[in-house]
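S.K.: Structure below; questions to follow.
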Amino acid sequence: MIDMQYINDLEAEMDVMKLVGNYNEIKSILQQYPQEQWSYEMILAFARALNYLQDYSDQTNPFEQAYRLLQTVSDKGITDAEWHLIIV
């Protein structure tokens with residue numbers, strides 16, 4: 001089980017990285033953990049990174065992958081403007 005303080009620290013670190021556009025680092029950090037343990041904010045950050053990076057190296061469409069991931073939190077995202085901006 002992941003330490004929640006570590007998750008909070010990771011989310012704060014991701015906020016800083018988003019400001020400098022370091023989406024590769026965000027993707028790398030999040031891929032170290034099972035998606036089942038990701039918070040809502042982590043899912044948004046990963047989907048945003050997929051959209052910006054447009055990395056097809058693993059033979060999957062990053063936009064489809066981001067869309068599927070965002071759908072997993074649609075119940076929370078439906079009222080969140082950031083979620084809507086990433087999903088369109």
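S.K.: Per residue, how much accessible area does the chain have with a 1.4 Å probe, in Å²?
M.R.: Values: 5570 Å² over 88 residues.
For the chain, the solvent-accessible area averages 63 Å² per residue.
S.K.: Determine ³J(HN,Hα), in whole Hz, for all residues of the range 25-38 in sequence, where each value follows from phi through the Karplus function 6.51 cos²θ - 1.76 cosθ + 1.60 and θ = phi - 60°; x replaces Gly and Pro.
M.R.: Taking θ as phi minus 60°, the curve returns 5, 4, 4, 4, 4, 5, 5, 6, 10, x, 4, 4, 9, 6 Hz for the range 25-38.
S.K.: Based on the mean of other Cβ atoms within 10 Å per residue, sort peptides 61-67, 72-78 so the most packed one is first.
M.R.: Going by the mean number of other Cβ atoms within 10 Å, highest first, we get 61-67, 72-78.
S.K.: Now for a different question. So between residue 52 and residue 81, what do we pick up on full extension, going 0.36 nm a residue minus the alpha carbon distance?
M.R.: Full-extension gain reported as 8.6 nm.
S.K.: For the chain, just list the percent of Cα-Cα distances falling in each 5 Å bin from zero outward, please.
M.R.: For the chain, the pair-distance distribution reads 3, 14, 27, 25, 21, 9, 1.
S.K.: Sticking with this one: Show that you can apply the helix-only estimate: for the chain, add -39,500 (n - 2.57) for every DSSP H stretch of four or more residues, divide by all residues, and state [θ] at 222 nm to the nearest 500.
M.R.: The per-residue figure over the chain is -20000 deg cm²/dmol.
The values are calculated or read from the model by the stated rules, or taken from the named source; none is laboratory data. Note that the structure is a prediction, hence the values are computed from the model and not measured. Every residue, glycine as well, gets a Cβ built from its backbone with ideal geometry; the counts of neighbours run over all protein chains shown. These area figures cover heavy atoms from the full protein model, side chains too; ligands, DNA and RNA do not enter into them. Shrake-Rupley method; radii C 1.70, N 1.55, O 1.52, S 1.80 Å.
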